[in-house]
Amino acid sequence: MIKVVTVIGARPQFIKAAPVSKALKASGRIRERIIHTGQHFDSNMSSIFFEQMDIPRPDFSLDIHSLPHGAMTGRMLEATEKILSEERPDWVLVYGDTNSTLAGALAASKLMIPVAHVEAGLRSFNMDMPEEINRCLTDRISRLLFCPTPVAVNNLKNEGFIGNGTRIILCGDVMYDASIMFRGRAKKPDSVPLPEKYVLATVHRAENTDDTTRLKNIVEGLNLVSEKLPLVFPVHPRTRKLLNKPGIPPLSEKVILTSPVGYLEMLYLLDNCMMLLTDSGGMQKEACFFEKACITLRNETEWTELLDAGYNKLAGSDPALIVSSFEHFLKHPPRFGKNLYGNGRAADEIVKALLI
């Protein structure tokens, strides 16, 4: 029996872990133990995902959150190292690009435990983003690199990730697996008065929320879009606080503000919206899974295949560009059809590789 310790801590990681944890258990040959760092701790950002997605309850809960990047990562590293020293797994499995990802990978590598990185090879080429630093460093110390797309594979090859016992595997995207698994269970949010037609928006990245000018401009862009179609805005806890900062304009009455929703509720909102505006990485892909145009509220994206396919436009924090992108997609909806993210069996490929 192979022993795997999975380190997760943020909403996107819970979604990615759901199909993989199910496949690990189904193999009958892998025992999984889960560390939840606590990076996302609010009920609607954390515990509801374990309930809705049938993810095994964490074996270890670290409750580390609401700290600067260095302090958070350091405390996660210390606590995770202690657990791994006692557990001595065959593999440590990490997902994506959060502080939890880097802490788990560093703790394992210091103990000479091989690391498997799900969603390896992504690059925005913006080293001002903490996520870019986390994903680059995690890739460098991982033994198994599970890539969701050919672009990710090429990024790794261009950076010299060949040989030295490192395996690069094009497995597809586990979030696509999750969307297939749970789409039939999507549920309408009870607390959101949904109009017949609406735009969906999410904003949470520090580069947008912690910069008053960027946040001001994004709010102006959302308000302008809401004049054309009602806009549903589930608000991240951090973002809600920052919306009250001096200099940030009030949201339009046509912006329907709500608390964060669970994964099944978000699937419903995505499935029924006209378009998505987001600064999330994962939700850019989820929009594609549901054949919705996406406007990304960043200046770059690691999911460049979405831009190439015409499914996504970068608008940054420019209100005029946000509105013009919105109007473009209203007049010229994308023609979906390209299979960008695999066949929905990424989790099975991950299990196969762990068993070799």
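The values are calculated or read from the model by the stated rules, or taken from the named source; none is laboratory data. Keep in mind that what you see is a predicted model, and the values were worked out from it rather than measured. Because the Cβ atoms are built from the backbone with ideal geometry, glycine has one as well, and the counts that use them run over all protein chains shown.
In contact with a Ser or Thr (Cβ under 9 Å, 6 or more places away or on another chain) and in the same structural domain as residue 348 (by TED's automatic domain parsing): does that describe residue 87?
no
Has region 260-274 got any residue that is charged (D, E, K, R) and part of a helix (DSSP H, G or I)?
yes
One line per residue, one yes/no per condition, for (1) small (Gly, Ala, Ser); (2) within 26 Å of residue 302 (Cα to Cα); (3) assigned by TED's automatic domain parsing to the domain that holds residue 134:
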position	(1), (2), (3)
18	yes, yes, yes
38	yes, yes, yes
61	yes, no, yes
69	no, yes, yes
76	no, yes, yes
83	no, no, yes
93	no, yes, yes
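Among what's in region 64-88 and is part of a helix (DSSP H, G or I) and of a type in the set (Val, Ile, Thr), pick the residue that is surrounded by the fewest Cβ atoms within 10 Å (Cβ to Cβ).
Per the stated criteria, the residue is 83.
Restricting the search to region 179-215, which residues are small (Gly, Ala, Ser), buried (at least 21 other Cβ atoms within 10 Å of the Cβ) and touching an Asp or Glu at 6+ places or on another chain (Cβ under 9 Å)?
179 - this is the single residue of region 179-215 that is small (Gly, Ala, Ser), buried (at least 21 other Cβ atoms within 10 Å of the Cβ) and touching an Asp or Glu at 6+ places or on another chain (Cβ under 9 Å).
Considering only region 306-356, how many residues are assigned to a helix (DSSP H, G or I), charged (D, E, K, R) and out of contact with any strand residue (DSSP E or B) (no Cβ under 7 Å at 6 or more places or on another chain)? I'd like the intermediate steps shown before the answer.
At the first step, the residues of region 306-356 found to be assigned to a helix (DSSP H, G or I) are 306-309, 319-331, 346-355.
Remaining after also requiring charged (D, E, K, R): 308, 327, 331, 348-349, 352.
Remaining after also requiring out of contact with any strand residue (DSSP E or B) (no Cβ under 7 Å at 6 or more places or on another chain): 308, 327, 331, 348, 352.
Number of matching residues: 5.
In region 74-101, how many are within 27 Å of residue 173 (Cα to Cα) and small (Gly, Ala, Ser)?
2
Is there a residue being small (Gly, Ala, Ser), closer than 30 Å to residue 180 by Cα and part of a loop (DSSP other than H, G, I, E, B) anywhere in region 236-253?
no
Among the residues of region 200-234, how many are closer than 18 Å to residue 283 by Cβ and touching a Pro at 6+ places or on another chain (Cβ under 7 Å)?
3
Suppose we keep only residues that are farther than 13 Å from residue 6 by Cα and in a loop (DSSP other than H, G, I, E, B) within region 44-61. Which one would you say is modelled with the lowest pLDDT?
Per the stated criteria, the residue is 46.
Is it the case that residue 209 is of a type in the set (Ser, Thr, Tyr), out of contact with any strand residue (DSSP E or B) (no Cβ under 9 Å at 6 or more places or on another chain) and under 26 Å from residue 128 (Cα atoms)?
Taking the combined requirement at face value, the residue satisfies it.
Need at least 3 residues that are more than 30 Å from residue 210 (Cα to Cα) per element, so show me which helices (runs of 4 or more DSSP H) inside region 89-160 make the cut, counting only ones lying wholly within it.
Here the list reads 99-110, 150-158.
If I ask for residues that are assigned to a strand (DSSP E or B) and either among the small types (Gly, Ala, Ser) or assigned by TED's automatic domain parsing to the domain that holds residue 346 (or both), which ones from region 171-205 would you list?
Listed by number, the list holds a single entry, 201.
Kindly establish whether residue 166 is within 19 Å of the chain's Cα centre (by Cα) and of a type in the set (S, T, N, Q).
no
So that you can scan it fast, the table gives a plain yes or no per residue for (1) buried (at least 20 other Cβ atoms within 10 Å of the Cβ); (2) more than 15 Å from the chain's Cα centre (by Cα):
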| residue | (1), (2) |
| --- | --- |
| 248 | no, yes |
| 269 | yes, yes |
| 285 | yes, no |
| 291 | no, yes |
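Quick check on my filter: what residues within region 113-138 are in contact with a Phe, Trp or Tyr (Cβ under 7 Å, 6 or more places away or on another chain) and crowded, with 24+ Cβ neighbours inside 10 Å?
Matches in region 113-138: 116, 117, 118, 119, 120.
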